[in-house]
Amino acid sequence: VKMAVSSDEESEISESEIDDYSETPYLLLQNGKFKVKVNGTLRCPFCSNKKKQDYKYKELMAHASGVSKGSASRSAKQKANHLALARYLQNELAGDAEPLPRPPPAPPQLNESEAKPGEVYVWPWMGIIITPLNETDDKEALLDSACWLKELSRFKPVEVHAFWVEQGLTVGVVAKFNSDWSGFASATELEKEFESIGCSKNEWMEKRGGDSVSKKAYGWCARAEDYHSEGPIGEYLSKEGKLRTVSDISQEKAQDRNSVLEQLSDIIAMTNEDLNKVQYSYNKTAMSLKRVLDEKKTLHEAYANETKKMQQMSILSIQKILNDKERLSNELEKKMQKLSEWSKALDKKEALTELERQKLDEEKKKNDAMNISLQLASHEQKKADESVLRLVEEHKRQKEEALSKILQLETQLDTKQTLEMEIQELKGKLQVMKHLGDDDDEAVKQKMKEMNDELEDKKSELEGLEQMNSALMTKERQSNDEIQAARKKLIAGLTGLLGAETDIGVKRMGELDEKPFLNVCKKRFSEDEATVEAATLCSTWQENLKDSSWQPFKREGTGDKAKACSLSHCLLPLSELNMLEKPEVVDEDDEQLKKLKGEWGEEVHNAVKTALEEMNEYNASGRYTTSELWNFKVGRKATLKEVINFISNDIKTVKRKRT
């Protein structure tokens, strides 16, 4: 079937050719090439790629009719195929249709003995009963409507009203029936019962006014002459009813029935169209969800591979540090043994001449001083090795904790996304159930209740995950605080030991560089005066930098600084991201900076600008210099990994140079 449909779609047709083209798929449906009835269920052979496959007869007929008369998004080929399917269902599979709901009761068939279609009646249907008064009758009981309602209960009247007629000698009763055909049947039944005992309207009119009037009751169905009659009965009929023929009422009921059927047909067509739209939206969402899950799986695999590589590189780096430590310890031990041998050899030469003895004493003192220096260096080396091992272990622990937290955050994020997608899927299913189900179908109501309960459970689980995410973010901030504390300890330990002459060292952020000031002063003053003038100028501007009332900054909403966003910021909630301010930059139009640039040139101006940027970044509120680990080789803030690698590899060389 799929191959046949795809081959048909290779050539398109126009809207005007839909009726002609529908003959071809109709013949294929009759020949059995396209299967509509499969294993007792009905299916659309032209929509095999849709999720919904099984249909009831009414659903499949509505689907075929809706597509054949669908919007412009449907191709003419699809409309022709579904038009043929609708014809096939109507002509060939009409026996599989569900029984139609019972139509409203048709008006009773009238014959000559009951009523003529053109005869005029009072509507709503009413019956009249006339009872002459006997001497022994209770007048109050005869005028009691409740008694008459009970007396005539076999005819099922809606209301009963009693009146005095003919100067208080006769009681007239008007029984009002339902306005439908059941009321008409009750009214005619009342009339036929009184006719059968000889008490019809004709007998009453013949015996009325004579001496031979019987004291029994007379009854008939109210008609036009009763409506126009004088007296309380005529007044009541003209007030409560109106004149209608049976033909008029039958025609009106038929029109109402046809109008209701047309409205129901329109509602069914619109409901089927809405159902098709919901089904299409659901399929589209499901495909999008599948793509997202595939992309997530790919990213997770790439992340796992990258994490594995980083762990392997970390293990190799630690192994290299340990090997270098062992090698340096062996070299130090060999040198100490060699010095000890030299000391013994010098002791043997003490028997030489005084001059030689003095020379030997001097050599011995030098060797002792060198030996003490080496011992101190060995002691420092031992302390440095122990510090390096502690830092390596601490770095390893922090790295494992960071990786564990990242994995927890990713797992939590995956779970949160999965819950949100499940909630959206449940909402889509609920919407489909509302279109498919009937309000009176208890099974559908129960299913919708279960899906609502499941949706509430998913929402509660999502709130729990958000609380867990908040707790993990708090732990991450604590870890960042611990890392900052480690940086402060490294700064305190390395201050004075490392400087700008090494690749890694401690830099005073916000402190002016004296070199640009000295270069400018050498061009304007003598060599002796240049040093003094440069120191004075540098000291003056260093004090200006500490002045918190001077704010040569401005905010800019664009640029690389404003666009930059770290991973920690990306993980912040939206409420905290909105609180992030736009970055501040040095205002080139500041009067003091412009004056400085004009007097001392670009190089001095850039040195002051750099110090301002550093001070604003690291201590904007206090406006004083702070220490920071710095990578002088690349001119940026040093990472903990770079500092640890430098301590383990290069600091020994620095110590040897100083000793």
Do we find a residue being farther than 19 Å from Pro232 by Cα, exposed (fewer than 15 other Cβ atoms within 10 Å of the Cβ) and of a type in the set (S, T, N, Q) anywhere in the stretch 162-176? no
Test each condition in (1) open to solvent by less than 50 Å² (accessible area, probe 1.4 Å); (2) at pLDDT below 80; (3) of a type outside the set (Gly, Ala, Ser) for Glu15 and report the one that comes out false. (1)
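Does Leu409 meet the test of being in a helix (DSSP H, G or I) and either modelled with pLDDT under 65 or more than 30 Å from Met451 (Cβ to Cβ) (or both)? Walk me through how you get there before you give the answer.
On the way: in a helix (DSSP H, G or I): yes; either modelled with pLDDT under 65 or more than 30 Å from Met451 (Cβ to Cβ) (or both): yes.
For Leu409, the condition - in a helix (DSSP H, G or I) and either modelled with pLDDT under 65 or more than 30 Å from Met451 (Cβ to Cβ) (or both) - is met.
Looking at Thr188, is it open to solvent by less than 20 Å² (accessible area, probe 1.4 Å) and among the polar types (S, T, N, Q)?
Values: open to solvent by less than 20 Å² (accessible area, probe 1.4 Å): yes; among the polar types (S, T, N, Q): yes.
Taking the combined requirement at face value, the residue satisfies it.
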Is it true that Pro101 is assigned to a loop (DSSP other than H, G, I, E, B), modelled with pLDDT under 85 and either open to solvent by less than 60 Å² (accessible area, probe 1.4 Å) or touching a Ser or Thr at 6+ places or on another chain (Cβ under 7 Å) (or both)? no
If the requirement is being assigned to a helix (DSSP H, G or I) and more than 28 Å from Gly428 (Cα to Cα), which of these qualifies: Lys290, Lys308, Lys284, Lys297? Lys308
I'd like the residue in the stretch 483-513 that is modelled with pLDDT under 75 and buried (at least 17 other Cβ atoms within 10 Å of the Cβ) and, out of all such residues, is farthest from Thr540 (Cα to Cα). Leu494
Which of the residues spanning the stretch 286-308 are open to solvent by less than 80 Å² (accessible area, probe 1.4 Å) and under 26 Å from Glu400 (Cα atoms)? Lys296, Ala302, Tyr303, Ala304, Thr307
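Can you find a residue that is basic (Lys, Arg) and modelled with pLDDT of 80 or more anywhere in the stretch 366-389? Step through it out loud before you land on a result.
Looking only at the stretch 366-389, we keep the residues that are basic (Lys, Arg), and these are 366, 382-383.
From the residues that got through so far, the ones that are modelled with pLDDT of 80 or more too are none.
No, the stretch 366-389 contains no residue that is basic (Lys, Arg) and modelled with pLDDT of 80 or more.
Return a yes/no flag: does the stretch 612-627 have any residue that is hydroxyl-bearing (Ser, Thr, Tyr) and open to solvent by less than 30 Å² (accessible area, probe 1.4 Å).
At the first step, the residues of the stretch 612-627 found to be hydroxyl-bearing (Ser, Thr, Tyr) are 618, 621, 624-627.
With the extra rule that they be open to solvent by less than 30 Å² (accessible area, probe 1.4 Å), the set shrinks to 625.
Yes; the residues of the stretch 612-627 include at least one that is hydroxyl-bearing (Ser, Thr, Tyr) and open to solvent by less than 30 Å² (accessible area, probe 1.4 Å).
Each row is one residue, and each column tells you yes or no for (1) open to solvent by less than 50 Å² (accessible area, probe 1.4 Å); (2) modelled with pLDDT of 55 or more; (3) within 54 Å of the chain's Cα centre (by Cα); (4) within 30 Å of Asn469 (Cβ to Cβ).
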site	(1), (2), (3), (4)
Asp547	no, yes, yes, no
Arg555	no, yes, yes, no
Thr558	no, no, yes, no
Ala564	no, no, yes, yes
Cys570	no, no, yes, yes
Val586	yes, yes, yes, no
Asp589	no, yes, yes, no
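Answer with yes or no whether Leu152 is within 16 Å of Tyr218 (Cα to Cα) and surrounded by fewer than 18 Cβ atoms within 10 Å (Cβ to Cβ).
Criteria not met by Leu152.
Just to be sure, is Asn276 free of Cβ contacts under 8 Å to residues at least 40 places away in the same chain and either polar (S, T, N, Q) or in a helix (DSSP H, G or I) (or both)?
On the way: free of Cβ contacts under 8 Å to residues at least 40 places away in the same chain: no; either polar (S, T, N, Q) or in a helix (DSSP H, G or I) (or both): yes.
So Asn276 fails the test.
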Within the stretch 629-647, tally of residues that are of a type in the set (Gly, Ala, Ser) and either surrounded by fewer than 20 Cβ atoms within 10 Å (Cβ to Cβ) or farther than 21 Å from Ala485 by Cβ (or both): 1
Any idea how many residues of the stretch 514-532 are farther than 15 Å from Lys609 by Cα and surrounded by fewer than 18 Cβ atoms within 10 Å (Cβ to Cβ)? 12
Odd one out for Val260 among (1) closer than 24 Å to Lys176 by Cβ; (2) without any contact (Cβ under 8 Å) to a residue 60 or more places away in the chain: (1)
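The values are calculated or read from the model by the stated rules, or taken from the named source; none is laboratory data. Keep in mind that what you see is a predicted model, and the values were worked out from it rather than measured. Positions of Cβ are backbone-derived with ideal geometry, glycine not excepted, and every protein chain shown enters the neighbour counts. With ligands, DNA and RNA removed, areas are computed over all heavy atoms of the protein, side chains included. Shrake-Rupley method; radii C 1.70, N 1.55, O 1.52, S 1.80 Å.
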